[in-house]
Each structure stands twice: as C-alpha cells, then as structure tokens.
Amino acid sequence: MKLIQLIYASAAAKPFTPAELRELLRQARLKNERLDITGMLLYHQGSFLQVLEGPVSAVNPLLDTIALDRRHNKLMLLLRREIEARNFADWKMGFVDVAAQPQALPGFRDYFKSQSSFLDLLGDPKAVERVLDGFRDGQWRQYIAGA
C-alpha cells in the first residue's frame, strides 16, 4: 500500500474554544481511525498546522475535504511526500495547543518542551525543526484579517 505524508497550515475561520477543539479532535480521531490515517495537529491563536499520513487513497480526499471546510481559511500545503513507514503510527490524531496547559486536552504533546520526540517527523531533523519552529514563530501561520 502506497503511503503519503503531508503537512498543511490554515487559519481558523474563527478562534476555537477549548470545547470546540475537543469536538474537532473527537470527530477527527473517529474519521481517521475509519480511514487508516494518523498524524498530529498543532493549534495556536487561530492557526493550524497539521500532519496527515496514510494511504494516498484516503489522505488526498481528506485534504480536499479540509480545504472545503468552512472552519478553515487560507489552507497552504507545505509538504507532500511518499513515505515507507508512518511517523505517527499510534496517533489517530495527536494534538498540541501551543498556548494550553499540557493536561488541557486528551492526546496533548508538549512539543516545545520535548522536541526530540518529533525530530524524525520528516526523516530529516532539520526539516521538522524548520516547519514546526516556523509555525511557532508565526512563519506558517495563517491569520484572519482583523482577528
């Protein structure tokens, strides 16, 4: 089975409350399990950065669905590549809210305190550092005008 991994950034159409993020994660985890998709999601001040990986026949249509989702604006594909093995094989959807407390939501990973667990995300430690640090520093974040 051909696997792909992609990373995209997008802006939330409106900021998500903690309850809305929990519901988004609940829905995503159910759908991802059904579609055999794994990955992780970063959220910071209305911006998302997401890694999706799985069968090309599931990941590509999911990205198309996300691009049409009214909860997202300014979706920008940052990386799409074939992979031999998953980096998030046990994560139906890991989640990081950069501003939240670690125990705030199930599946939380504090990337910014334990960076080493993500260094092999892309198979290139420098690439993952550039993408994730860029998101943290605002480089890849998509903001809504006036927000």
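Cβ-Cβ distances below 7 Å connect no pair with a first residue in the stretch 2-15 that is free of Cβ contacts under 8 Å to residues at least 24 places away in the same chain and in a loop (DSSP other than H, G, I, E, B), a second residue that is crowded, with 19+ Cβ neighbours inside 10 Å and not small (Gly, Ala, Ser), and a separation of six or more residues or different chains.
The rows are residues; the columns are (1) part of a helix (DSSP H, G or I); (2) buried (at least 18 other Cβ atoms within 10 Å of the Cβ).
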position: 25; (1), (2): yes, yes
position: 31; (1), (2): yes, no
position: 34; (1), (2): yes, no
position: 39; (1), (2): no, yes
position: 42; (1), (2): no, yes
position: 53; (1), (2): no, yes
position: 61; (1), (2): yes, no
position: 65; (1), (2): yes, no
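Mind listing just one residue for me: the one in the stretch 24-57 that is at pLDDT 90 or above and farther than 18 Å from residue 91 by Cβ and, of those, nearest to the chain's Cα centre (by Cα)? Of everything passing the filter in the stretch 24-57, 56 is nearest to the chain's Cα centre (by Cα).
The values are calculated or read from the model by the stated rules, or taken from the named source; none is laboratory data. No experiment lies behind these values; they were computed from the predicted model shown. Every residue, glycine as well, gets a Cβ built from its backbone with ideal geometry; the counts of neighbours run over all protein chains shown.
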